[in-house]
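Q: Here it is: the structure, laid out below.
The values are calculated or read from the model by the stated rules, or taken from the named source; none is laboratory data. The shown structure was predicted, so the numbers you read here are calculated from the model rather than taken from an experiment. Neighbour counts are summed over all protein chains in view; Cβ atoms, including those assigned to glycine, are modelled from backbone coordinates with ideal geometry.
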C-alpha cells in the first residue's frame, strides 16, 4: 500500500520542494533535476539518469555519483522521494503541480489542467547539456499545451454564450503567447460581441504596437480587416474563422501553360533514346512538367530522392525497388540475385541476408536482373530530385542505363531526371560527362514563365486582370511562387473578384510559407518539426515514436498538416516547405528530436549512417562516432568505399571533438588499411597525411608509416616507400609493437625494393615477410604470400612466383575473400602470360570475367581483366575477338569511370598488328590525352607514335618521339617497352643500328621476353644484312624463324620469315622461296581472323604483308594469286 503524500514538488513558476503543512526545504540543482525528470518522464533506468546528470564522467563514476545523490536525498528529506533499483521512479510520498499529466501523460480539455507558469522558471542546467536541452524542449511543449487548452476553453465559453469567461481566458492566452495575432483577433471579436468596442480597438492597438516593436511587422491582412470592421461598427457574427476552402485550381491548375518548347525537347530526346536531365530552380515546375510528359508515354516507373537520402548508400534506389516489387509481387530472382539485393532491401528479401558474405554482392548484376523483370512494359523511368540522391544509387542507376543495349531489349525504357539548377551531385558529374561525350544525354534547363504565360496561369485561378501584373511582379515566373501568392491572398480573405487597393504581400515567398506554418496548432507544428528532422521515409508510427506521443493524436495533427498542404502523403508537399520548417526549428528542440530519432531508428535497425547523423545533430558525439564506424562497415560491405572513407572520417572528427585522440587515430587508420585503397588511390592522400600528423606514440607512428609506404608503393614511388618502411621498422627497436604493423612494414619494404630491381635484397626479405605473416590470421597471411609472389615476379623470379600465387588463391577462396581471390586470379593469369602459357592465362581470364559479370567486388578489375583478355587475344592473333573484348572493356570503363589510357594503348597494339595505322594513331592520341599519374606506362604511346612516323618516312619526328618515350621509360620496370624502344631506334638505321639491336637481344634474353627476343633477332638480322652481309645475318634470321612456333613476335608474325627470305636470297640459297611461301600461307590463314573493315589494311598497308605479297607475285614459277 503506497504512502500518503507528504511532500509537494512545485515545477511551474519558481520551483521548490516543501513538506505538506510545513516550510520549504532547500533543494540543490542535481536533486531538482532528478525529481523533475522523473515527475515528467516517469520511471527511468539508472544508467540513463546517470548519463544525463554527469555527461562528461565515465559510466562507473557517474553511477557512483548517482548512488551518493540518492543517499543524500533520503538522508536530507527523511523520506523515499525516489524509489526503485535499476529503474528509478518518483516516490508516492511526493505530489507535484503537474496535475493530469503526472497521472495520464496528457492534458484534459479543461484550461486548468495545464499548470500556469514557466516550467522550472529561472533554472538552468548548463553543466549538464542534455538535461538543459530536455528542460528547454519541455518548456516549449508545456507552453504549447497551455496555449492549445486556453484556445479550446475560450471557444467553449463562447459557444456557451459566456463571453466574459471567454474574454478572461483569451486575455490569459495573449499574455502567454504575446505574438499570436490569432489570439488578439479572438480577443478583439469577443470584446466587440460583448459590446465593448473601445476595448476591442485597444486590443488591436496593443497587437499592432507589439508586432512593430518586437518584429518590425505590420499586422496580417485578416487582423487589419477585422479592426476596420470593428471601427466601422460592422457586425461580426463569429469569433472563430475557419480557413477558407481553397479552389482545386489553386492546388493543381487544370491547364499546363508555358512549357510547349520544353515538351517538344523532351519528345525529341525520347525518340532519340537520350537520357534527359531536366534542371530548374525550386518551384519552377520540373515535377509537373515531367508528369505531363510521362502521362503520354505508357507505363512509367518512378524513383524519388528525398532529403536525407545522401547520408545512406542505396537509400534512393532501395525505396524505388521496394515500390517496384510491391507493384509486381510475382518477381522471381535466382538465389544469388536475392542474396545480393537482400542487404539493400532486407524487408523485400528478408530470408536472404543471413549467409551473405560482406563482399559477395553481385550487386549491379542483381539490380539489372530485377530491373529487367519489373520494367518489361515500362517505357519511361523518372528519377526526381536527384540532387537529394545518394551517390551509391546514382552510380547504380547510371551504370545500369549505360549497360542497357537495344540488341538485348528492343523496348528499352528511357531515363529522365529532374535536378535543381546548380545542384548536380558531385558523384554524378563524371557519369553525365561520359554520357555527353557519347552524345547520349539531353540537358533541358527549365526557365521561369514569361509574363504572358504567368498571366495565363493566374487566369485559371480567377485572379482579376487588375491584379495579374502585380502578382507576377512579386512572384516572377515561378509557378509555385505564383500559386503560393494566390493561396496567401485567399487565406487572407482578399476578394479576388473586385479591385483591391494595397495587396498584403510579404517580402518573399519564404514569409508566405512561414505565415502558413504560424496558423498551425502547436501539436501540428511539433509533428511537422519531427517530420522535418526525420527527413526521409516519414510515417505516422515513426513520428509518434520520436515524439513519444499517442498515435491517434499524431494522426489528427497529420490530417491538419495535409489540410494545410504542409504534408502530402508521407512527405512534405514541397521541398521549400520542408526547408521552412527546418529553419524555424529551435536549436534545443532540434537536438532533442534528433536524439529521439536516433534512439527510435536504432531500435528499428535503420541504416547506421542515418542513426549516426541524428546522434551528431543531437549533440551526442560519442554515440555518433560509434554509429559512423558501423556505417563505414556497412558501406564497405555494400562495396561503397568512398562513402566508407567519409564515415570513418566523420567518426574520427567526432572523437577529435571529444578529445579522444587515440580513437580518432584508430578510425582513420582502419579506413586506410582496407582493401578498397587499391581501388581508389586518390582517396588515400589526404587521409594518410592527417593520420601521420595525428600519430603521437611510436606504435601510431609505425602504423602511419606502414600506411604511407603502402600508398607510395601504389604510386610507384619505390625509394620513398622503402624509406618510409625502414623508418617504421626502426620504431620497433623500442618494443615488440603490433605484429600486423610489423608484417605490413616488411611487406612494403620488400615490394619497394622489388620495384627498384634490387633482386638480392628482395630475395633476402621474402622469408622474413612469409614468417611475419604466418603469425597473422588466415586472410592477412595469404596477403603476405601474395605480396611475396608479386615481388618475385617484379624481379623476374617467375618460377618461384607461380606456386605462391596458386597458394594465395587457394587461401583466399577458402576464406571466402572474394575481392582478394579475384585480384589474385588476375595476378596468376598475368604470371602465365609472362611465362608464355597463353592458353592457360586466357582460360583464367575468361573464368574471371564470367564471375565478375555477376559479382561487383571490383569494377576496375573487370575492366582491367577485359583489357588483358584483349591483349592475350592479340598475341594469339585472334584480332576480331581482341577488338570485341576491348570494346566491351571500353563500355565498362565508361560506365564505372575507370581511366582508359591502358585500354587505348591495347587498341593501338591491335591496330598496329593489323596495319590499321590511322586507327592506331587515333588510339595513341586518346591514350596520351588521358594521363594517369599512377600508370607507369602512360608515355608508352610515344614509342608507337615514333614507329608510325618512321613508317611514314619522317625520321626526325620518329627520333623526337623515341626521345620522349626514353625519358619516361628509363626509370621504370617496363623492360619489354624499353627493349622495344632499343629495337625501334635500330630500325631507323645508322652506324649504331647493329649495336642497338644487339642490346635489344641482350635485354630480351636477360628479362626472359621470349616474343621480344624473336623480334630482336629479326631486326638484328636485317641490320647485319645491310651493314655486314648475309653471312653475318644468317644465324640470327635462322634462329628467329626457328622460334616462331612457340615464341612469335606479338606484333608481326611474318617479319622473321620475310627477313630470312631476304638473307637466303642474298646467299642465292635455292630454298630462299620457302620462308616467303610460309609467310604468305600464314597471311592467308590469319586474314580470316581479321574484321572485314580492316582486311585491306592487313593485306596492303601492313609493311610486312604488303612486301610479302609483292615478292610472292614476282617469284618465277609460282602462282600469281595471293591472299586477297
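Q: Among the residues of the range 294-309, write down those that are assigned to a helix (DSSP H, G or I) and crowded, with 24+ Cβ neighbours inside 10 Å.
A: 309
Q: Read through the list (1) under 49 Å from the mean Cα position of the chain (by Cα); (2) touching a residue at least 40 places away in the same chain (Cβ under 8 Å); (3) surrounded by 23 or more Cβ atoms within 10 Å (Cβ to Cβ), then give the number of the only condition that residue 1014 fails.
A: Evaluating residue 1014 over (1) under 49 Å from the mean Cα position of the chain (by Cα); (2) touching a residue at least 40 places away in the same chain (Cβ under 8 Å); (3) surrounded by 23 or more Cβ atoms within 10 Å (Cβ to Cβ) leaves (1) as the failure.
Q: Tell me the residue from 380, 394 that is modelled with pLDDT of 85 or more and not in a helix (DSSP H, G or I), please.
A: Every option except 380 fails the conditions.
Q: Then there is this: Take the residues of the range 161-180 that are over 17 Å from residue 117 (Cα atoms) and either modelled with pLDDT under 85 or out of contact with any helix residue (DSSP H, G or I) (no Cβ under 9 Å at 6 or more places or on another chain) (or both): which is surrounded by the fewest Cβ atoms within 10 Å (Cβ to Cβ)?
A: Across the range 161-180, the extreme among qualifying residues is 161.
Q: Still on this structure: Scan the range 574-591 residue by residue and report those that are outside any helix (DSSP H, G or I) and over 15 Å from residue 524 (Cα atoms).
A: Result: 574, 586.
Q: If you check 438, 430, 452, which single one turns out to be modelled with pLDDT of 70 or more, surrounded by fewer than 20 Cβ atoms within 10 Å (Cβ to Cβ) and not assigned by TED's automatic domain parsing to the domain that holds residue 279?
A: 452
Q: Also: Count, please, the residues in the range 310-345 that happen to be touching a strand residue (DSSP E or B) at 6+ places or on another chain (Cβ under 8 Å) and buried (at least 17 other Cβ atoms within 10 Å of the Cβ).
A: The qualifying residues number 5.
Q: Another one. Output the residues belonging to the range 915-957 that are surrounded by fewer than 18 Cβ atoms within 10 Å (Cβ to Cβ) and farther than 16 Å from residue 900 by Cβ.
A: The answer is 918, 951, 952, 953, 954, 955, 956, 957.
Q: Of the conditions (1) more than 39 Å from the chain's Cα centre (by Cα); (2) modelled with pLDDT of 90 or more; (3) crowded, with 17+ Cβ neighbours inside 10 Å, residue 796 clears all except one; give me its number.
A: All conditions are met except number (2).
Q: Being part of a loop (DSSP other than H, G, I, E, B) and either over 29 Å from residue 270 (Cα atoms) or without any contact (Cβ under 8 Å) to a residue 24 or more places away in the chain (or both) is the filter here, so list the residues in the range 310-339 that pass it.
A: The answer is 312, 313, 329, 330, 332, 333, 334.
Q: Hey, another quick one. Which of the residues spanning the range 52-66 are at pLDDT below 85 and assigned to a loop (DSSP other than H, G, I, E, B)?
A: 55, 56, 57, 58
Q: Here are the criteria: (1) farther than 18 Å from residue 131 by Cβ; (2) free of Cβ contacts under 8 Å to residues at least 40 places away in the same chain; (3) surrounded by fewer than 16 Cβ atoms within 10 Å (Cβ to Cβ). Tell me which single one residue 47 does not satisfy.
A: (1)
Q: From the list 829, 808, 801, 782, which residue is over 30 Å from residue 366 (Cα atoms), assigned to a helix (DSSP H, G or I) and in contact with a helix residue (DSSP H, G or I) (Cβ under 6 Å, 6 or more places away or on another chain)?
A: 801
Q: Residues of the range 773-782 being touching a residue at least 24 places away in the same chain (Cβ under 8 Å) and either surrounded by 22 or more Cβ atoms within 10 Å (Cβ to Cβ) or over 33 Å from the mean Cα position of the chain (by Cα) (or both), which ones?
A: Those that are touching a residue at least 24 places away in the same chain (Cβ under 8 Å) and either surrounded by 22 or more Cβ atoms within 10 Å (Cβ to Cβ) or over 33 Å from the mean Cα position of the chain (by Cα) (or both): 773, 775, 776, 782.
Q: In the range 733-760, which residues are over 37 Å from the mean Cα position of the chain (by Cα), more than 22 Å from residue 803 (Cβ to Cβ) and surrounded by fewer than 17 Cβ atoms within 10 Å (Cβ to Cβ)?
A: 733, 734, 735, 736, 757
Q: Do we find a residue being in contact with a strand residue (DSSP E or B) (Cβ under 7 Å, 6 or more places away or on another chain), at pLDDT below 90 and within 27 Å of residue 343 (Cα to Cα) anywhere in the range 516-538?
A: Yes, there is a match, as at least one residue in the range 516-538 is in contact with a strand residue (DSSP E or B) (Cβ under 7 Å, 6 or more places away or on another chain), at pLDDT below 90 and within 27 Å of residue 343 (Cα to Cα).
Q: Looking at the range 974-1005 only, could you name the residues that are under 48 Å from the mean Cα position of the chain (by Cα), in a helix (DSSP H, G or I) and either outside the structural domain of residue 1062 (by TED's automatic domain parsing) or surrounded by fewer than 18 Cβ atoms within 10 Å (Cβ to Cβ) (or both)?
A: Correct list: 975, 976, 977, 978, 979, 980, 981, 982, 984.
Q: I'm told residue 839 meets every condition in (1) closer than 28 Å to residue 428 by Cα; (2) surrounded by fewer than 21 Cβ atoms within 10 Å (Cβ to Cβ) except one. Can you identify the failing condition by its number?
A: (1)
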